[in-house]
1. Using 0.36 nm per residue of separation minus the Cα-Cα distance, give me the extension gain between Thr73 and Gln162 in nm, one decimal.
2. Beta carbons within 10 angstrom, averaged per residue: use that to sort the peptides 237-245, 85-93, 175-183, highest first.
3. Which order do the peptides 34-44, 104-114, 301-311 take when ranked by the mean count of other beta-carbon atoms within 10 Å per residue, highest first?
4. At a 1.4 Å probe radius, carbon and sulfur cover how many percent of the accessible area of the range 156-220?
5. On average, how much area does the Cα convex hull of the chain cover when viewed from any direction, in nm²?
6. Once you have a ≥ b ≥ c as the square roots of the Cα gyration tensor eigenvalues for the range 242-294, tell me rounded if a/c is under 1.5, and otherwise prolate or oblate according to whether a/b is larger than b/c.
7. Quick one: which residues, 5 or more positions from Glu331 or on another chain, have an amide H under 5 Å from its amide H? H modelled 1.01 Å from N in the peptide plane, none for Pro or chain starts.
8. Give the calculated FRET efficiency between Lys144 and Leu222 to the nearest 0.05, with a Förster radius of 45 Å applied to their Cβ-Cβ distance.
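The values are calculated or read from the model by the stated rules, or taken from the named source; none is laboratory data. These figures come from a predicted structure and were not determined experimentally. Because the Cβ atoms are built from the backbone with ideal geometry, glycine has one as well, and the counts that use them run over all protein chains shown. SASA here: full protein model, heavy atoms, side chains in, ligands and nucleic acids out. Shrake-Rupley method; radii C 1.70, N 1.55, O 1.52, S 1.80 Å.
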Amino acid sequence: MSQATATAADSAGDSSAERSGSSAAGSDFAPLLRAVKGQGLLERRTDRYVISIAANLVALGGVITAFVLLGDTWWSLLLALPLAVLWTRTAFVAHDAGHSQITGDRRANRLIGLVHANLLLGMNEAWWNDKHVRHHANPNHVDKDPDVGVGALVWTQKQAAQREGFARWLTRNQARLFFPMLLLEGIALKIYGFQFLRRQPARERAVSALLMTAHLALYAALLLTTLSPGKAVVFALLLHALFGLHLGMAFAPNHKGMEMPDPDGDRWGHLQRQVLTSRNVRGAILTDWFLGGLNYQIEHHLFPSMPRPHLRLAQPLVKAHCKSIGMPYAETGLVESYRQALAHMHEVGEPLR
């Protein structure tokens with residue numbers, strides 16, 4: 001599955017963009033693609049990634065060392081916050097590897113993904129890539145995008161109308177429960193990864209399972225040899241809660257509350273499909289860091305394999321192109337992006353209240 005997923009990820013990047021841009025003479029996307037290529041923004045920045053990955057690993061090692069040196073004390077809980085932040089940086093690296101942003105070598109990208117996702121985080125990179133590639137191909141499409149499928153939350157009033165029992169109550173209150181529910185996301189990611197193993201070919205399933213099991217074993221050994229069992233459980237729950245919250249806050253502003261293509265309507269072209277369903281978040285260096293560069297969501301969706309450091313450089317080109325053809329380009333502040341996403345969730349649950 002990972003091999004196929006990696007191939008799909010490649011096809012969702014430059015190759016897909018090129019096909020979309022050249023499928024019809026004079027398409028809306030083709031001039032933008034030429035401009036971006038002309039500035040070298042699709043070229044890999046492996047050197048930049050080597051530095052950032054090394055810095056993240058050193059920081060992880062520093063926090064773990066401090067954790068061990070502190071020993072069996074409740075003060076160790078203070079380290080859950082920096083560790084959750086570094087885990088989120090680690091997830092961003094795995095995300096970029098899945099998009100082949102780091103290097104042009106598919107096997108190297110997969111190895112980076114396996115180390116950062118499966119070993120360091122205990123989540124299955126094959127599950128994430130399978131889900132994420134389908135999201136990129138058809139963002140916000142209720143029949144094709146797994147991110148807007150029916151789950152704990154729903155994203156259309158048609159989905160909401162089919163809810164019963166506890167799920168109906170959850171949908172009525174999903175806007176106010178959204179951020180609290182993110183506290184469970186860190187644990188859920190591990191569970192989804194293990195559930196996905198059955199869908200992987202035997203050899204890849206063995207590699208994925210070995211690395212995720214190694215993560216759990218090493219993680220448990222670290223906690224239980226440093227803290228008492230009670231403190232270890234509290235630390236693990238706090239770390240996963242903060243990790244899920246941070247990761248969810250990075251992904252939540254991207255599409256929720258944006259256009260959702262009509263499954264029975266006309267098929268949108270690549271530019272329309274990616275721009276109208278995505279939202280950028282304005283900000284400076286701190287925002288870029290906190291959101292892992294995903295605040296340039298429009299540019300990321302148009303060019304999935306573009307290295308993260310180049311997304312902000314591509315933004316002026318994309319904004320100018322959208323303006324020239326009269327296409328809306330959604331951009332807002334961080335707080336407003338959350339407000340819009342929550343407002344959409346509230347509206348979806350409105351008929352049930």
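1. 27.2 nm
2. 85-93, 237-245, 175-183
3. On the way: 34-44: 15.1, 104-114: 17.9, 301-311: 23.3.
The peptides rank, most packed first, as 301-311, 104-114, 34-44.
4. Answer for the range 156-220: carbon and sulfur cover 65 percent of the accessible area.
5. 18.5
6. Details: a/c = 3.72, a/b = 2.05, b/c = 1.82.
Verdict is prolate for the range 242-294.
7. Amide H neighbours of Glu331: Asn280.
8. Taking R0 as 45 Å, the efficiency between Lys144 and Leu222 is 0.65.
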